[in-house]
Every structure is written in C-alpha cells, then in structure tokens.
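Data first, discussion second: the structure below is written as structure tokens.
The values are calculated or read from the model by the stated rules, or taken from the named source; none is laboratory data. Here the structure is a predicted model, which means the values were calculated and not measured. All Cβ positions, even for glycine, are placed from backbone atoms using ideal geometry, and neighbour counts span all protein chains on display.
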Amino acid sequence: MTANALRHIKKNDKRMARLIKKVGPMRLKPELKQSPFAALVEAIVYQQLHGKAAATIFKRVLVLFPKRKFPKPEDFLNTPDKTLRSAGLSGAKTAAIKDLSQKMLDGVIPTLKQIEKMTDDEIVERISSVRGIGRWTVEMLLIFKLGRPDVLPATDFAIRKAFGQIYKQKEMPPPKAILEFGEIWRPHRTTAAWYLWRSLDL
C-alpha cells in the first residue's frame, strides 16, 4: 500500500516527490489493537499538555483501577469526579471522559468491529459528539490508531506550517486551501500528511 501511495503522490506532485526523497521511507505504524474507547480516553488526557506531563497523569488515572488492564466506561462513571481529579485531570477533562464513557455505553461511540464498516466522515461525526473532542482529535485517531489511508488534518498547526513552507506561501495557509490542494494526493492523503509533519524535522 505504501509503495502505491508514494508512486501516486510523486507522480502528481513534484515538490512532494522531492520531500519524500529527502525524508526517506515512511515509518508510520498505527497501533491497530487499541480499542477506540481506550485511545479516546488517552487523547483526552493528552490534550493541551506536553508528552511527559500527560503520560504521568495518564499513568495515575490507570492506577485508580488496579484490577483492570484498562478501565471500562462504567468504571469511570462510577468513580467520583474528585477521585479522577486527584490523578491530575482537570474538571473539563473529567467531564469529557465521563461523557465519552456514557456515549460508549449508549452505543454512540462505535466499537472496533463497527468502525471497520464506517467511512471516515461517519466516524468523525459520531465521535466528535463527545464533549471536548473535536475533528482534529478524531483525525489523529483515524491516522495513528486506525491506520486510515486518506486523512488530511488540515486544521493541524504543523500541517499548515509545513504546507506553507513547502509551497512557498507568504502567509499561513487556511485549512480550506490545503484540503483543495490535497485532492491531488487522494486517496493517499495520510501519507502526504506524514511527510508534511516530517518536513519540519529536516
């Protein structure tokens, strides 16, 4: 799949072809075994925090449920807010995790099996109904946890910055312009996004 994606992108976009040559092979390996619920709890904990601080809080949250490999939705719902906040979660993140847990039990959040039959847009619509979860968070789930091949997170700051640099834009490009241009990478926009991120490391 990766070879096809690279061939398609290089054929349609000479600047991206040069970037691919500079960066080298694609090294994106999605964590396909993690459940959507676990991935979303983790995403909520990590929002607006640096990796190390978020990892510490995430570990503290899991310690609250020693008998579980990963807490179930009802575990979070049955735990007082005060206890969750004692692990370092903010009030907003506590409310978001509880809303996610309730929506998981109500069947709003699809299971891994259900997700396999859903389009990216359907997944975004269902999951972004959770308090505190927007399109960007769901797009990260689609790319890094579900391995979806055609996701372009155009609102992502790093994607916008990289796109502006590579395509010599004088101002930060708006998401709409990136999505319009990104049609030439379809149906391999995840690969293009990965190379845009890597371009900032060069």
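Numbers for the structure displayed
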{"read-out": "Boolean, Gln48 is in the same structural domain as Met140 (by TED's automatic domain parsing), within 30 Å of Pro187 (Cβ to Cβ), among the polar types (S, T, N, Q) and within 21 Å of the chain's Cα centre (by Cα)", "value": "no"}
{"read-out": "Any helices (runs of 4 or more DSSP H) falling wholly within the stretch 66-114 and containing at least 2 residues that are farther than 20 Å from Thr56 by Cβ", "value": "73-77, 91-105"}
{"read-out": "Scan of the stretch 148-197 for residues that are over 18 Å from Val23 (Cα atoms) and of a type in the set (Val, Ile, Thr), ordered by number", "value": "Val151, Thr155, Ile178, Ile184"}
{"read-out": "Residues of the stretch 153-175 that turn out to be surrounded by 17 or more Cβ atoms within 10 Å (Cβ to Cβ) and either under 11 Å from the mean Cα position of the chain (by Cα) or at pLDDT below 95 (or both), as a count", "value": "2"}
{"read-out": "Top-ranked residue in the stretch 1-36 [being of a type in the set (A, V, I, L, M, F, W, C) and without any contact (Cβ under 8 Å) to a residue 40 or more places away in the chain; ranked as nearest to Ile115 (Cα to Cα)]", "value": "Ala3"}
{"read-out": "Members of the stretch 67-81 found to be surrounded by 12 or more Cβ atoms within 10 Å (Cβ to Cβ) and among the charged types (D, E, K, R), listed by number", "value": "Lys72, Glu74, Asp75, Asp81"}
{"read-out": "Residue that is surrounded by the most Cβ atoms within 10 Å (Cβ to Cβ) [pool: residues in the stretch 87-124 that are in contact (Cβ under 8 Å) with a residue 24 or more places away in the chain and touching a Lys or Arg at 6+ places or on another chain (Cβ under 7 Å)]", "value": "Ile109"}
{"read-out": "Residue among Leu40, Leu19, Leu84, Leu32 that is buried (at least 17 other Cβ atoms within 10 Å of the Cβ), hydrophobic (A, V, I, L, M, F, W, C) and under 21 Å from Leu146 (Cβ atoms)", "value": "Leu40"}
